[in-house]
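One structure is given below, encoded as structure tokens.
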Amino acid sequence: MAAWRWLSIYLLLFSSLAFAQTPDQLTTFCTFEDGNELSIRYTPANAAKEKLQYGKLWAPGGGPMLLFSPGEVTLENVTLAAGAYSVYIIPDKKRWTFIVNRGVGADNKYDQQKDVVRAPMDLGSLGEPASELQLTLAHIAPKVCNLRVYYGKDGAWTDFKEK
């Protein structure tokens with residue numbers, strides 16, 4: 001068990017070094033009750049300049065968002081092992097899809113064969129449009145972090161659950 005914890009810590013440290021945050025990137029965090037922290041790093045796209053194309057893969061700012069987890073979490077009943085993942089969104093008029101992908105790396109291109117899970121996101125309209133992409137992770141229950149994505153007039157959300 002201790003070996004797995006050290007391996008998880010090593011992977012997170014390596015991932016953090018390999019994917020150093022640049023000044024134009026933001027990170028959202030959620031801390032579970034046991035202290036494990038789920039985070040997503042992203043580039044805030046500008047809604048006036050970067051229009052959504054319904055049904056097409058979206059990598060805000062031209063690159064994937066990065067998900068980091070020190071422990072196992074589930075998304076749509078699929079277990080994600082500790083580590084780093086690339087994440088993408090496919091927006092649509094009625095429902096968005098949140099994609100978690102094993103392909104991580106600075107020069108990594110999206111490969112659908114590396115998808116771990118494609119999770120449907122609930123969708124609603126915002127009262128006031130978001131001028132930039134906003135991601136928020138919120139701790140809403142002892143073992144649940146809710147991801148909210150706001151862009152333009154759309155708001156989408158899904159839940160991560162700690163194992």
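The values are calculated or read from the model by the stated rules, or taken from the named source; none is laboratory data. The structure presented is a predicted model; accordingly, all values stated were derived computationally and were not measured. Positions of Cβ are generated from backbone atoms using ideal geometry, with glycine treated the same way; all protein chains shown enter the neighbour counts. Accessible surface areas use protein heavy atoms only, side chains included; no ligands, DNA or RNA. Shrake-Rupley method; radii C 1.70, N 1.55, O 1.52, S 1.80 Å.
Here LEU135 does not qualify as farther than 30 Å from GLY35 by Cα and aliphatic (A, V, I, L, M).
Applying the set (1) in contact with a Phe, Trp or Tyr (Cβ under 7 Å, 6 or more places away or on another chain); (2) buried (at least 17 other Cβ atoms within 10 Å of the Cβ); (3) over 12 Å from LEU38 (Cα atoms) to LEU66 leaves exactly one unmet item: (3).
Look at the stretch 51-74: where a residue is at positive phi and a partner is open to solvent by 20 Å² or more (accessible area, probe 1.4 Å), sitting 6+ places away or on another chain with Cβ atoms under 7 Å, you get GLY55/ILE90; GLY55/ASP92; GLY61/THR43.
Taking the numbered list (1) under 18 Å from GLY155 (Cα atoms); (2) at pLDDT 95 or above in turn, ALA81 passes all entries but (1).
Counting only residues that are surrounded by fewer than 13 Cβ atoms within 10 Å (Cβ to Cβ) and assigned to a helix (DSSP H, G or I), how many does the stretch 83-131 have? The qualifying residues number 2.
When PRO60 is tested against the conditions (1) under 24 Å from SER125 (Cβ atoms); (2) open to solvent by 20 Å² or more (accessible area, probe 1.4 Å); (3) modelled with pLDDT under 95; (4) not aliphatic (A, V, I, L, M), the lone failure is (2).
Residues in the stretch 23-57 that are polar (S, T, N, Q), crowded, with 17+ Cβ neighbours inside 10 Å and outside any loop (DSSP other than H, G, I, E, B): how many? Lay out the reasoning, then the answer.
First pass over the stretch 23-57, keeping only residues polar (S, T, N, Q): 25, 27-28, 31, 36, 39, 43, 46, 53.
From the residues that got through so far, the ones that are crowded, with 17+ Cβ neighbours inside 10 Å too are 28, 36, 39, 43.
So of that shortlist, the ones also outside any loop (DSSP other than H, G, I, E, B) come out as 28, 39.
Total meeting the criteria: 2.
Which pairs do you get when a residue that is under 10 Å from ALA45 (Cα atoms), found in the stretch 121-133, comes within reach of a residue that is at pLDDT below 95 and loosely packed, with under 12 Cβ neighbours inside 10 Å, reach meaning Cβ atoms under 7 angstrom, with the pair 6+ apart or on two chains? Pairs that qualify, where the first residue is under 10 Å from ALA45 (Cα atoms) and the partner is at pLDDT below 95 and loosely packed, with under 12 Cβ neighbours inside 10 Å, are SER131/ALA48. Which residues, counting only those in the stretch 128-150, are touching a Phe, Trp or Tyr at 6+ places or on another chain (Cβ under 9 Å) and not aliphatic (A, V, I, L, M)? Of everything in the stretch 128-150, those that are touching a Phe, Trp or Tyr at 6+ places or on another chain (Cβ under 9 Å) and not aliphatic (A, V, I, L, M) turn out to be PRO129, GLU132, GLN134, THR136, HIS139, PRO142, LYS143, CYS145, ASN146, ARG148.
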